[in-house]
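Colleague: There's a structure below that I have some questions on.
Read-outs throughout are calculated quantities, based only on the coordinates presented, and are distinct from any laboratory measurement. Owing to the predicted nature of the structure, the values given are computational and were not obtained by experimental measurement. With ideal geometry, Cβ positions are generated from the backbone for all residues, glycine too; neighbour counts draw on all protein chains shown.
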Amino acid sequence: MKPKYNRILLKLSGESLAGDQKTGIDFDKVVEICKPIKKCVDAGVQVGIVVGGGNFWRGRSSGDMDRTRADHMGMLATAINALGVADALEQLGCVVRVQTAISMRQVAEPYIRNKAMCHLQSGKVVIFGCGTGNPFFSTDTAAALRANEIEADIMMKATMVDGVYDSDPKTNPNAKKYDVVSFHEVLNKDLAVMDSTAASLCKDNKLPVLVFSLEDPENIYRAVCGENIGTVVDAID
């Protein structure tokens, strides 16, 4: 199979890195996820990655804690995950750079857009940690922002469901899965794809988003090759 896209931004949830343990990092699972990413790189695809931190910390579940501090803790959780994914990719033979939106120079580069572009163009995988560096913004929004900044052809959101539905398929056996859906519909119907800030950012910049299941990590390579999996969210009328 030949890749359809030249440059992608892949959003990975923190939960996907935990495997069956549900929390922390299951390194064997991380390697399993990274193998098809390595295939993409070997096929000439430029890959940027944004990873969440929900396997360690979920700021919105922090009760009475100050929201800004809780979000900062979440950003640090994403840095742990970024380093874990980087290590797995390096063990598979990829050259990787981790860039973080919060400065931590001893363990990662600071996020500099031009430097990230140079890394991508030279075949390195760039992993973006610490979200946007600001509280009140999700890692979905960070993924949308970085995808636009690096001029990705598409943002790919690997989730635990196989696409976008008109209602929750876990509670509604008659839920309808979309093959293609507009950002307008996602926002108006409040479909559970990504938060509204991320959806609006992609909509305004005409950046398509592919939502697909990571249950089979090989779906990453299939998605990059343009196979009909998941749901495409696009700026259609």
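Colleague: In percent, how large is the relative contact order of the chain, given Cα pairs closer than 8 Å and 6 or more residues apart? Spell out each step's value before the answer.
Modeller: Values: 506 pairs, mean separation 53.8, N = 237.
Dividing the mean separation by the residue count of the chain yields 23 percent.
Colleague: Can you list residues from other chains, or at least 5 along the same chain, whose modelled amide H is less than 5 Å from the amide H of ILE49?
Modeller: LEU10, VAL126, ILE127, PHE128
Colleague: With only Lys, Arg, Asp and Glu charged, each at its Cβ (+1 for the first two, -1 for the last two), find how big the charge dipole of the stretch 7-234 is about the Cα centre; round to the nearest 20 debye.
Modeller: 520 debye
Colleague: Could you check the spin-label model distance between ARG69 and GLU185? Points 7 Å from the Cα along Cα→Cβ, value in nm.
Modeller: The two pseudo-label positions are separated by 4.4 nm.
Colleague: To continue, here is another question. What helices does the chain hold that run 24 Å or longer along their axis, going by alpha-carbon atoms, with a Kyte-Doolittle average of 0.0 or more, using DSSP H for the helix calls?
Modeller: 67-91
Colleague: For n ≥ 4 DSSP H runs only, could you compute -39500 (n - 2.57) per run for the chain, divide by its residues and tell me the 222 nm figure to the nearest 500?
Modeller: Counting only the DSSP helices, I get -10500 deg cm²/dmol.
Colleague: Here is a further query. Under the rule a/c < 1.5 gives rounded, and otherwise a/b versus b/c splits prolate from oblate, where does the chain land using the Cα gyration tensor?
Modeller: rounded
Colleague: Near LYS39, which aspartates and glutamates are there with a Cα under 14 Å away, not counting those fewer than 8 places off in the same chain?
Modeller: Of all the aspartates and glutamates, those that pass the test against LYS39 - Cα under 14 Å, at least 8 places apart if same chain - are GLU90, GLU218.
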